[in-house]
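Novice: Below is a structure I'd like to ask you about.
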Amino acid sequence: ADMCAAPGSKTGQLLEVLSQQLEKGGQGLILANELDSRRAQMLVHQCRRLPTAPLVVTCHKAQRLPKQFDGMFHRVLADVPCSGDGTLRKNRKIWSTWSSKNATTLHPTQLEILMRALQLCRAGGRVVYSTCSLNPIENEAVVAQALRNWKSQVALVDVQDLLPELQRRPGLRQWAVARGETMFWKPPKGAFSSLFKPTEEEAKWMQLERCVRIYPHLQDTGGFFVAVLQRVDAAPAYDPMTTAPKPSVLARPAAKHVQVWYSPFEGHAAWPAVRDRYGLPRNLAASQLLLRNDVPNVVYFVSRSVSLLLRHDEHRALKHANCGLGVPAFQADRNGEYHVTQAGALALQPVLGRQAVAACGKVGLRCLLDNLRQDRLVERSLLPPKLRRRLTEIGPGGAVILPNHMGVDPLAVVIKREKWLRLLAKDAEVACFRQPQGIEPLGAEGSE
């Protein structure tokens, strides 16, 4: 979970790491939360380069994420709002606006977010707390108070051996707190005790030196603070990846300021026809094919992990900005008939039945691409006889042409009742099937 995710660079890096795990057969998802709905949509846009990513974007106060997700996440990132004084070199406005009050004002919110992050983290999982500030009130003081509250259930992780080329300094064990022109080493009456340094006895078991401080002068960077905390308690965490409520809870009223919700395609009147046409598994629409309220003519395919998280939200508490960056797998035409899209053909290829699939060789694919009209129509009589016969067997409607040589993706098409075949790939996608894929025009290689 990324609790303060916008504008999206951190989430993008997390997605790249998770995608590598998914390629090896793993499972998982990332919940990226951002309070501001406009910044959340910017985050969605930033992550579009990974269209099949298992990502859920929500709009909540980080410290108020729904309780039913406690203990769900293996890793939680809390890159909290801060005074930003570590970015003075690039953000010179801070020179004129900085005040010692900035840190003391932000401290309670930062502590609330870290406490919530530890609740979301499962036993044995890790929480990364970070700021771009160097003020110990925003850093070590927050971590120290979280350790006081959790006691033996949470411990700081020693990460000094990680990234050995990164120059860093250990966390502080003592600091003063400014009030006006006065510096305090102990809390005066009426002050937050969590602002101040730990006692000598606390400092021994907290081991705040395990925190990481990155100073700008060490490697010509900005100033950063990072602390890695681990849940060391043995209490079992609930696993939503193995158990989830019935899928009917996917249908939800829209959140007032987000106006996006999802419902399963299973209950739609068009599902039986789509399922039989493409030979899809019967349980696919109940779990991974979803309709969005704002785009009712498009069916989205989401990862299994995202689907299970949505069903786990039985109290309908999540305010969705976007769920899973779902692949638009099917789209309805003006007659209400759903056809597989180009993106859907690629995403659903492993589960497509043979009913609507036509295999073709390299020559057939070149014939198809070379005879495309401006509106992406092809006259079927120009195709090789074997491919033409197979398309006739499939009959009018959506279909997938599957090249039988390596390195070429499937093509989504619509077989017209007349003599035409319409290619559903966009012009930019069609270009990817030519020179980069080794599909030169027939004239370039001669006839086969």
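The values are calculated or read from the model by the stated rules, or taken from the named source; none is laboratory data. Please read all numbers here as calculations on a predicted model, not as lab measurements. Positions of Cβ are backbone-derived with ideal geometry, glycine not excepted, and every protein chain shown enters the neighbour counts. For accessibility, only protein heavy atoms count, side chains too; no ligands or nucleic acids. Shrake-Rupley method; radii C 1.70, N 1.55, O 1.52, S 1.80 Å.
Novice: What percent of all Cα-Cα pairs in region 50-117 falls into each 10 Å bin, going from 0 up to the bin containing the maximum distance?
Specialist: Percent of Cα pairs in each bin: 16, 36, 28, 17, 2.
Novice: Let me ask something else. Taking R0 as 41 Å, what's the FRET efficiency between TRP205 and ILE94 from their Cβ-Cβ distance, rounded to 0.05?
Specialist: The value I calculate is 0.70.
Novice: For the pair GLN27/ASP220, report the inter-label distance in nm, with labels modelled 7 Å from Cα in the Cβ direction.
Specialist: 4.8 nm
Novice: Under a Cβ-only charge scheme (Lys and Arg +1, Asp and Glu -1), can you give me the dipole magnitude of region 9-231 about the Cα centre, in debye to the nearest 20? Intermediate values should be presented prior to the final figure.
Specialist: On the way: 31 positive and 19 negative charges, 93 e Å.
Roughly 440 debye for region 9-231.
Novice: Suppose R0 equals 35 Å. What FRET efficiency, 1/(1 + (r/R0)^6) with r the Cβ-Cβ distance, do ASP36 and ALA273 give to the nearest 0.05? Show your work: numbers first, answer last.
Specialist: Values: r = 41 Å, r/R0 = 1.18.
The pair ASP36/ALA273 has a calculated efficiency of 0.25.
Novice: Right, next: Quick one: of LYS386/LYS419; LYS10/LYS426; LYS61/LYS93; LYS151/LYS197, which pairs are farther than 19 Å apart, Cα to Cα?
Specialist: Check vs 19 Å cut-off fails for LYS10/LYS426; LYS61/LYS93.
Novice: Using the heavy atoms of the protein chains alone and a 1.4 angstrom probe, what is the accessible area of region 9-231 per residue in square angstrom?
Specialist: With all protein chains present, region 9-231 gives 53 Å² per residue.
Novice: Moving to a separate point now. Using alpha carbons only, what's the Rg to Rh ratio of region 9-231 with Rh from Kirkwood?
Specialist: 0.97
Novice: Another one. So which trypsin sites (Lys or Arg not before Pro) in region 330-408 end up in coil per DSSP with only 13 or fewer other C-beta atoms within 10 Å?
Specialist: In loop regions of region 330-408 (DSSP not H, G, I, E or B), the sparsely surrounded trypsin sites (Lys or Arg not before Pro) are ARG334, ARG354, ARG373.
Novice: I would also like to ask the following. Please give the length that would be gained between VAL363 and LEU163 if that part of the chain were fully extended, namely 0.36 nm times their separation in residues minus their C-alpha to C-alpha distance (nm, one decimal).
Specialist: In short, 66.9 nm is gained.
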